[in-house]
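The block underneath contains the structure these notes are about, expressed in structure tokens.
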Amino acid sequence: MPRSASLPGILSLALLLAAGCGTPKEVAVVTERPVPLPSTETPPPPPPEVAPTPLDTVRARRFDTGKMWTFDNPPVEYFAQAYGFRPDSAWFARARLGALRFSTYCSASFVSPTGLVMTNHHCGRESIAKVGKEGEKLLDNGFYARSLDEERKVKDLYVEQLLAIEDVTERVLAAGRAVRGDDEKAQARRDKIEQIEKDMTASAQREDSTLQVQVIELYNGGKYSAYTFRRYGDVRLVMAPEHQLGYFGGDDDNFTYPRYALDMAFFRVYDAQGRPLKADQYFRWSAAGSRPGEPVFVVGNPGSTSRLNTTSGLAFERDYELPQQLAALESRAALLKAYLDAQTKDADVSKLRNTYFQITNSVKANTGQLKGLHDPYLMARRAAAENQFRQAIAARDSLKERYGGLFQDIGELQLAKAAIAPRLAAFTYFGSQLDSRVLTRALYGYFYDTLKRRGYPPDRLAEIRKEALQIADWPVEVEQAFIARRLHEVQDALGTEDPTVRRVLEGQPIDSVAARLATHTALVDSAGFAGLLDAGYLGSGDASVPVIEALGPLYFQVAGQQQSFQNREEILNAQLARARFDLYGTAIPPDASFSLRIADGVVKGYAYNGTLAPPYTTFYGLYDDYHAYKTRAEWNLPDRWLQPPPSFDLATPLNLVTTADITGGNSGSPLLNKDLEVVGLIFDGNIESLPNNYLYTDEAARSVAVDARGILEALDDIYDADRLVLELTTGRMAATEDEADAALGSR
């Protein structure tokens, strides 16, 4: 779920572009190229560590900024010091090429030489539902392809493999040196990034049409890297357990440990000829699994962290951004829960359930992160690191002259942002997947017609139309509830006497306006929306037009203000990144940016709740929870699990915890040993890890994974998935289940 909900959305930024302002792509601005320290892999040693209390003795620590290492600056010396082994370039290349990005939201990996892909059930949930045939309930009942012919292609799903990284920092920075003004500098760099991506992709595709180039911003704009990906577009579902196993314990168990979830799914990539892909690099399976204290490595795509932000920026997030997001998420979760609870078991609500799970996941994540920002020790430790940084800048005259005033400038900017924060609350998640489909379509229609009248290029208009028509339908009851919720948010933020509010409501109660709009607009379904778009939405007389003509201008006005602040903040943070580079180079890893990273840690339990959380859980615990909570649906088990065969070993490890550094986006990442063998599958972090978004610690924060041994045990004895068992353990792909049975029986 996107974190930057209070920032302008793609629609507002594109409209601002048409008016001569900013574009959607967020790019920071740096005035000069950073000069890294020569040949050092670790930052200057921090002051001696001290006890957490009292707060005035808190000190920053070496890994406060985390361990999400990039592949172009691997921490070879640190690995040697910490784990006694020095991986070479071939080791890192294998780790990079075996890993995948799963669409735009998760991680995955190749786990066989014939294109078998492993990720989480919750990452594949939408795809699983999409390939279901009439009458099937694949989320409820699970899926297993007993032959190659039964593997089901998922429309529009793709995975990406990172092939190369090229530093393009100087090319991006040079683009803004000849222009003045925050918006202009930011725009110049965004234009340059778009040009680099376009040119490099065109060049790469002359050799291979599957290649795509994306420019990744790192270090808050201190560095830009062009990542060349190979995109695989023929991805087919092979196996997924029942949703009940993938999400065992439901929201109550989410972000917790001890845990008993089989959050796994398997897909397969096919080549252009429709054959299983020959994967030159993949991760072999470890039948032995891991051991307590053993070093492990997570290779995946963490989404975003805020470990390099200033303390004033964190205070703004604590006091405005996160509370606004949390309030919007909680209200929408309540609306969806009420609707879902009222449906019969036979109702087709899989898409709405997916949305509900995403929202509740975000509620819990945001709550934990907000708690972290209210932790005085965390903020004091961040302040200690910032103070150390400021002192280092002040100690060098050249740095002090260029960067000495940055922290004050950034702090003053937060005050300016706070001034418009109440108005932004009216539009939190406006036009997103968490908003009414009617209002989102109305915003697209308003946006599309406005750009069309201004002579926007036809090819870009076609892209906007295509995006608009991908919005899924919702039941009218859900639409009405979400419209009412949005109108209440607008009224609460602006007041009952605000001209926009009065224009929208026209003296009527909010619930009446929402009911009329939901039942008298053609925007409740995609077909009606397409017709209005083509005929001219704003001139159609649809019931939604007066509402969006009132809300749209205010939204774009507020979004424009926020975009200007964002441009200014990007420039200041990028200058701060320049100072950090001058002092530390690339010795510290950049914040997460949904780009491939390798994170290290060890298998280790932790103290919690007055006791100890073990490094591993087993299937015994799964059944213990079932019997303890079986009156609650979240802990129910499907029939096949209630009658396991005698060969099923309940003592097999099911889940495990490690100190490896992860965040959202890492879901589906393989957990590997030093030999790059799969020992687990990352699917969550514990509740103690949520403040790690701002400060990495490993006292109690843990990443949670499905154990490789538990995956194999379930596939073998519960699901009788011999094709998968054979492929994972031997690398041999069987075309049918009978062929796999024969091969396993002959071993």
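Quick notes
- Some residue of region 647-661 being closer than 30 Å to residue 71 by Cβ, more than 26 Å from the chain's Cα centre (by Cα) and at pLDDT 95 or above: yes
- Of all positions in region 211-225, at least one carries a residue that is open to solvent by less than 50 Å² (accessible area, probe 1.4 Å) and free of Cβ contacts under 8 Å to residues at least 24 places away in the same chain.
- Taken over region 699-747, residues that are assigned to a loop (DSSP other than H, G, I, E, B), open to solvent by 20 Å² or more (accessible area, probe 1.4 Å) and aliphatic (A, V, I, L, M) amount to 3.
- Filter pass, residue 116 being closer than 22 Å to residue 720 by Cα and in contact with a His (Cβ under 6 Å, 6 or more places away or on another chain): no
- Which listed residue is loosely packed, with under 15 Cβ neighbours inside 10 Å, within 30 Å of residue 714 (Cβ to Cβ), among the charged types (D, E, K, R) and within 27 Å of the chain's Cα centre (by Cα), from 234, 156, 149: 156
- Answer from 423, 441, 453 - the residue that is more than 21 Å from residue 329 (Cβ to Cβ), surrounded by 16 or more Cβ atoms within 10 Å (Cβ to Cβ) and basic (Lys, Arg): 441
- Residue list for region 501-552, restricted to those being in a helix (DSSP H, G or I), of a type outside the set (A, V, I, L, M), closer than 18 Å to residue 464 by Cα and touching a residue at least 12 places away in the same chain (Cβ under 8 Å): 526, 529, 537, 552
- Verdict on residue 470 being open to solvent by 20 Å² or more (accessible area, probe 1.4 Å) and either in a loop (DSSP other than H, G, I, E, B) or closer than 22 Å to residue 449 by Cβ (or both): yes
- Subset of region 253-272 that is farther than 20 Å from residue 240 by Cβ and either among the hydroxyl-bearing types (Ser, Thr, Tyr) or surrounded by 19 or more Cβ atoms within 10 Å (Cβ to Cβ) (or both) - its residue that is nearest to the chain's Cα centre (by Cα): 255
- For residue 545, the conditions (1) surrounded by fewer than 24 Cβ atoms within 10 Å (Cβ to Cβ); (2) under 27 Å from residue 301 (Cα atoms); (3) of a type in the set (A, V, I, L, M); (4) out of contact with any Pro (no Cβ under 6 Å at 6 or more places or on another chain) all hold with the exception of (2).
- From the options 559, 550, 574, 599, residue that is among the small types (Gly, Ala, Ser), buried (at least 21 other Cβ atoms within 10 Å of the Cβ) and modelled with pLDDT of 95 or more: 599
- In the set 638, 644, only one residue is open to solvent by 10 Å² or more (accessible area, probe 1.4 Å), at pLDDT 95 or above and in contact with a Pro (Cβ under 9 Å, 6 or more places away or on another chain); that residue is 638.
The values are calculated or read from the model by the stated rules, or taken from the named source; none is laboratory data. Owing to the predicted nature of the structure, the values given are computational and were not obtained by experimental measurement. Positions of Cβ are backbone-derived with ideal geometry, glycine not excepted, and every protein chain shown enters the neighbour counts. Just the protein is used for accessible areas: all its heavy atoms, side chains included, with ligands, DNA and RNA removed. Shrake-Rupley method; radii C 1.70, N 1.55, O 1.52, S 1.80 Å.
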